[in-house]
1. Could you please give the count of residues in segment 28-60 that are surrounded by 15 or more Cβ atoms within 10 Å (Cβ to Cβ) and in a strand (DSSP E or B)?
2. Might you check whether a residue that is touching a Pro at 6+ places or on another chain (Cβ under 9 Å) and either of a type outside the set (Val, Ile, Thr) or modelled with pLDDT of 70 or more (or both) occurs anywhere in segment 31-52?
3. Condition first: among the small types (Gly, Ala, Ser), loosely packed, with under 14 Cβ neighbours inside 10 Å and in a strand (DSSP E or B). Now tell me which residues in segment 5-27 satisfy that.
4. Here is a check on your reading of the model: is residue 87 at pLDDT below 85, aliphatic (A, V, I, L, M) and not in a strand (DSSP E or B)?
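The values are calculated or read from the model by the stated rules, or taken from the named source; none is laboratory data. Fair warning: this is a prediction, and the values are worked out from it, not measured in the lab. In this analysis, Cβ positions are derived from the backbone assuming ideal geometry, glycine residues included, and neighbour counts consider all displayed protein chains.
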Amino acid sequence: MRRERIHLQGDITVETGKDFNGRFFIAHASGVSVYLRDPQEVREFLDLPSKTPSLGSLDSWFASLSLADQQKPQSTKETEQALPAEVLRTGFGPECHLDESDPNFQTRTII
C-alpha cells in the first residue's frame with residue numbers, strides 16, 4: 001500500500017499507512033521522526049498553534065482518513081460472504097481441495 005502524505009508549514013510532514021495492527025503515522029518535524037498510532041499523539045508531537053490553517057488542514061485530513069477507514073471494512077465483509085460453502089465449512093482455500101482426477105495429482109516437483 002502506498003503511503004499518504006500531508007505537507008504542513010516548513011519542514012513538517014506527516015505520512016500514514018496501514019499494517020496488520022491498523023493505521024500508523026510517521027511525523028517529521030525539526031529533524032526528528034516519530035512512529036505513532038494515535039492522531040492525538042501526532043497533534044501533541046507537532047505542537048502546532050491553535051487556530052492556524054495548518055492545524056485545521058491536519059484535522060480535516062485525519063477526519064477524511066477515519067471516514068475512509070470506516071467505509072473500508074464494509075467492503076471486506078461483502079467479499080467474505082462470496083466464499084464457497086466448502087471453504088467456509090472446512091476453513092481451507094481452493095488450493096487445499098485438489099482434484100484427484102488431475103493427472104498431476106500425486107506428482108512432486110524435483111529441482
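1. Residues in segment 28-60 being surrounded by 15 or more Cβ atoms within 10 Å (Cβ to Cβ) and in a strand (DSSP E or B): 3 in total.
2. no
3. Once the filter is applied, which keeps residues that are among the small types (Gly, Ala, Ser), loosely packed, with under 14 Cβ neighbours inside 10 Å and in a strand (DSSP E or B), segment 5-27 yields 17, 22.
4. Taking the combined requirement at face value, the residue satisfies it.
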